[in-house]
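One structure is given below, encoded as structure tokens.
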Amino acid sequence: QVQLVESGGGLVQPGGSLRLSCAASGFIFSRYSMRWYRQASGKERELVAVIDSRGDSQNYASSVKGRFTISRDNAKNTVGLQMNSLKPEDTAVYYCNTVIYSENYWGQGTQVIVSS
């Protein structure tokens, strides 16, 4: 079955960096685009970044453009999110996502807290 497992979250000071990773299994990873979403407490889940199946194209939410970078390694079935210049408003649970035959699959999420 499809599994997505995120890791790399934690507590970081404003201006700091974190790298999230998502390990995928149970499907042909190289055929599907991958996404990172986040959900802050009391807010709706929002799309942060998308990468196409080959890693040739990336898109970002305006709030993270220039600070976050999404990448993938199709040989290792992983997708990463490098987060730089973190702000308190980046505090959220971050989720890895893919859509296969119109069905959404989610990881369990990893918490990121940006605070001094």
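Ser85: out of contact with any strand residue (DSSP E or B) (no Cβ under 8 Å at 6 or more places or on another chain) and either at negative phi or charged (D, E, K, R) (or both), yes or no?
In short, no.
Considering only residues of the range 23-66 that are under 16 Å from Asn77 (Cβ atoms), in a loop (DSSP other than H, G, I, E, B) and of a type outside the set (Gly, Ala, Ser), which is most open to solvent (accessible area, probe 1.4 Å)?
Among residues in the range 23-66 that are under 16 Å from Asn77 (Cβ atoms), in a loop (DSSP other than H, G, I, E, B) and of a type outside the set (Gly, Ala, Ser), the one most open to solvent (accessible area, probe 1.4 Å) is Arg54.
Looking only at residues that are over 15 Å from Val64 (Cα atoms) and more than 16 Å from the chain's Cα centre (by Cα) in the range 85-102, which one is least open to solvent (accessible area, probe 1.4 Å)?
Filtering the range 85-102 for residues that are over 15 Å from Val64 (Cα atoms) and more than 16 Å from the chain's Cα centre (by Cα), the one least open to solvent (accessible area, probe 1.4 Å) comes out as Ile100.
More than 14 Å from Ser21 (Cβ to Cβ), crowded, with 16+ Cβ neighbours inside 10 Å, at pLDDT 95 or above and among the aliphatic types (A, V, I, L, M) - does that describe any residue in the range 67-74?
No - not one qualifying residue is present in the range 67-74.
Modelled with pLDDT of 95 or more and part of a strand (DSSP E or B): is that true of Gly80 in this structure?
When the stated conditions are applied, Gly80 passes them.
The values are calculated or read from the model by the stated rules, or taken from the named source; none is laboratory data. It should be emphasised that the depicted structure is a prediction, and the values quoted were computed from it without experimental measurement. Every residue, glycine as well, gets a Cβ built from its backbone with ideal geometry; the counts of neighbours run over all protein chains shown. Please note that ligands, DNA and RNA were not included when accessible areas were found on the heavy atoms of the full protein model with its side chains. Shrake-Rupley method; radii C 1.70, N 1.55, O 1.52, S 1.80 Å.
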